[in-house]
Structures are given as structure tokens and as C-alpha cells.
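Note sheet for the following structure.
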Amino acid sequence: MENRLEELRRERGIKQEDLALELGVSRQTISSLEKGRYNPSILLAFKIARRFNLQIEDVFIYREDDHE
């Protein structure tokens, strides 16, 4: 699953560490999400979307051919 997390974070001048603290996760989790190595739980996906005042599908892009 692709995402726009890094793009959204950088546009707003937010450091990985600061976003991680706000969301209650580690900086490594944010890094892994941005690199596409980790798919978030539905709860974390909602938290991220709400943090940026967006819908989940505006942050995370799911394609039918995506495999876990």
C-alpha cells in the first residue's frame, strides 16, 4: 500500500520525531510507514488522517493488486 505520509509531513514542516510523539508511536514506525515497509493498523491510519485533516484514502492509496 502506498501513502503520502512523507509528502504531507514535509509540506507542513513536521519532523518524524514530532509526528511520532503526537501519534504515540516510534520514529522508526513513521520511517517504516513512509518507506512502505509497514502497513498501519486501521486505528493508526485514522489517527494519521485526522492529524492532517484528511480522509484515510487521501493519505493511503490501496490498489486492488496490492498484496501484503
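Quick notes on this one:
- Within the range 47-68, tally of residues that are in a loop (DSSP other than H, G, I, E, B), exposed (fewer than 15 other Cβ atoms within 10 Å of the Cβ) and not polar (S, T, N, Q): 8
- Among the candidates ARG12, ARG51, residue that is among the basic types (Lys, Arg) and under 19 Å from GLU2 (Cβ atoms): ARG51
- Criterion applied to ARG27, ARG4, ARG9 was being in contact with a Leu (Cβ under 7 Å, 6 or more places away or on another chain) and either touching a residue at least 40 places away in the same chain (Cβ under 8 Å) or surrounded by 11 or more Cβ atoms within 10 Å (Cβ to Cβ) (or both), and the one residue passing it is ARG9.
- Top-ranked residue in the range 33-46 [being within 9 Å of the chain's Cα centre (by Cα) and outside any loop (DSSP other than H, G, I, E, B); ranked as nearest to GLU6 (Cα to Cα)]: GLU34
- As a summary of the residue check, ASN39 satisfies the conditions (1) surrounded by 13 or more Cβ atoms within 10 Å (Cβ to Cβ); (2) out of contact with any helix residue (DSSP H, G or I) (no Cβ under 6 Å at 6 or more places or on another chain); (3) in contact (Cβ under 8 Å) with a residue 40 or more places away in the chain except for the one numbered (3).
- Failed criterion for PHE46 (all others in (1) touching a helix residue (DSSP H, G or I) at 6+ places or on another chain (Cβ under 7 Å); (2) at pLDDT below 95 hold): (2)
The values are calculated or read from the model by the stated rules, or taken from the named source; none is laboratory data. None of the values given here were measured: they were computed from a predicted structure. Backbone-built Cβ (ideal geometry, glycine too); neighbour counts: all protein chains shown.
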